[in-house]
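Q: Structure in structure tokens, see below.
The values are calculated or read from the model by the stated rules, or taken from the named source; none is laboratory data. All figures in this text were calculated on a predicted structure; none of them were measured in a lab. Because the Cβ atoms are built from the backbone with ideal geometry, glycine has one as well, and the counts that use them run over all protein chains shown. Remember, those area values only see protein heavy atoms, side chains included, never the ligands or the DNA or RNA. Shrake-Rupley method; radii C 1.70, N 1.55, O 1.52, S 1.80 Å.
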Amino acid sequence: VQLQASGGGLAQPGGSLRLSCSISGRTLNDYRMGWFRQAPGKEREFVAAIYWSGDDTWYHDSVQGRFTISRDNAQKTLYLQMNSLKPEDTAVYYCAAQRLGKPIRWAREYDLWGQGTLVTVSS
């Protein structure tokens, strides 16, 4: 199984971007999918998560109400819609997958990772 993130770029404060994570290989019905981000000099930080086979979602407090995680099972693609972007959202964003039953917000608990995609929020 491979994950590939895309969609990063430059956005102005208050703007929007949508990240995608395409999944190749077998389906991940028994996994939870997540987005993490890592800013320069900082640790990798949980952003959002969703079941591959359910609708429950989780968000970091700093993105609640601005970001929306979703998935398209048929297209085997995970999304992160980012609205009302702030300069502090600038980071490399990673998609990841973990087997169910693990803590959601810790990067070390994720089993599969895609390469990062850079998001820069600046005027």
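Q: Report the one residue of LEU112, ASN83, GLY34 whose Cα lies farthest in the direction of the positive end of the charge dipole of the chain (charges on C-beta: Lys and Arg +1, Asp and Glu -1; origin at the Cα centre).
A: LEU112
Q: Roughly how many nanometres apart are two label points built 7 Å out from the Cα toward the Cβ at ARG18 and SER62?
A: Placing both labels 7 Å beyond Cα along the Cβ direction yields 2.5 nm.
Q: Express the accessible area of the chain per residue in Å², computed with a 1.4 Å probe while the remaining protein chains stay in the model.
A: Value for the chain: 51 Å² per residue.
Q: Roughly how big is segment 1-82's charge dipole about its Cα centre, with Cβ charges of +1 (Lys, Arg) and -1 (Asp, Glu), in debye to the nearest 20?
A: Here the size comes out at about 220 debye.
Q: So which GluC sites (Glu not before Pro) in segment 15-110 are both in a DSSP loop and have at most 12 other Cβ atoms within 10 Å of their Cβ?
A: Listed in order of number, the matching sites are GLU43.
Q: Just to check, using Stokes-Einstein with a Kirkwood Rh over alpha carbon pairs, what's the diffusion coefficient of the chain at 25 °C and 0.890 mPa s in µm²/s?
A: In µm²/s, the coefficient rounds to 173.
Q: Hey, can you rank 26-33, 55-62 by average C-beta count inside 10 Å, highest first?
A: Answer by packing, highest mean first, reads 26-33, 55-62.
Q: Run the reach check for LYS42 against aspartates and glutamates, Cα to Cα strictly under 20 Å, same-chain hits fewer than 8 apart removed. What comes back?
A: LYS42 reaches ASP61, GLU88, ASP89, GLU109.
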